[in-house]
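*Asks:* Sharing a structure here in structure tokens format.
FYI, it's all coordinate maths here, none of it is from the lab. These numbers were taken from a predicted model, which means no experiment stands behind them. Reconstructed Cβ throughout: ideal geometry from the backbone, glycine too, with neighbour counts over all protein chains shown.
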Amino acid sequence: MPGPDPSESQRVEALAKQLADLERQSDELNAAMQRSASVRRLLVLVVAALLGIYIYLYYTAGKAFTDQKNLDRLQKELERAASANSDRVMNEVQILAENTWPAVSDAMSKQMEKDMPTFMTLLGLSGTLWP
């Protein structure tokens, strides 16, 4: 009975070596996939933590704006600024009124005269109230 063929044993050795390489590569791939899953979990946790911190900071900043103490300070500062400029503002308002009131008054009177018959008709009144 003849022994195993040397080329057959070489072929079996080559297949065994390939199988060992495939097992090693498979183990390396599984390890790499586990590492990538761990990294993804870590990244999700970091993003969630940053989002939580951002929301907390946003809430505390908004709460500071609505705090009664800060609102009172803001009101006092606005009142101080308004009283410091009140003379200038009143002067500007007076100049504006003097320059615009005649034109505005005339335009309003003309429009009222034009619209009065329509108003009276809608109200069911005769035109005797307006000349």
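*Asks:* Please give every one of the aspartates and glutamates within straight-line cross-link reach of residue 63, meaning a C-alpha to C-alpha distance under 17 Å, and leave out same-chain neighbours fewer than 8 residues apart.
*Replies:* 72
*Asks:* Tell me which aspartates and glutamates have Cα within less than 19 Å of residue 114's Cα, excluding those fewer than 8 residues away on the same chain?
*Replies:* In chain and number order, the partners are 106.
*Asks:* Mind checking the dipole of the chain: about its Cα centre, +1 per Lys or Arg Cβ, -1 per Asp or Glu Cβ, Debye to the nearest 20?
*Replies:* Magnitude of the dipole: close to 340 debye.
*Asks:* For a Förster distance of 30 Å, can you work out the FRET efficiency between the beta-carbons of residue 95 and residue 75, rounded to the nearest 0.05?
*Replies:* 0.55
*Asks:* With unit charges on the beta carbon (Lys/Arg positive, Asp/Glu negative), name the residue among 112, 44, 81 whose Cα is farthest towards the positive pole of the charge dipole of the chain.
*Replies:* Among 112, 44, 81, the one farthest towards the positive end of the dipole of the chain is 81.
*Asks:* Still on this structure: Please identify the helices of the chain, taking whole runs of DSSP H, that span at least 15 Å along their own axis as judged from the Cα atoms and have a mean Kyte-Doolittle score of -1.0 or higher.
*Replies:* 6-66, 86-123
*Asks:* Would you calculate the separation in nanometres between label points at residue 103 and residue 48, each defined as 7 Å from the Cα along the Cα-to-beta-carbon direction?
*Replies:* My value for the distance between the label points is 6.6 nm.
*Asks:* Would you calculate, for the chain, the mean residue ellipticity at 222 nm contributed by helices, counting each DSSP H stretch of 4 or more residues as -39,500 (n - 2.57) and dividing by all residues, to the nearest 500?
*Replies:* -32500 deg cm²/dmol
*Asks:* Can you give the Kirkwood hydrodynamic radius of the chain from its Cα pairs, in Å with one decimal?
*Replies:* 26.2
*Asks:* Also, I was wondering about something else. How much length is gained if the chain between residue 82 and residue 37 is pulled fully straight, taking 0.36 nm per residue apart and subtracting their Cα-Cα distance, in nm to one decimal?
*Replies:* Full-extension gain reported as 10.0 nm.
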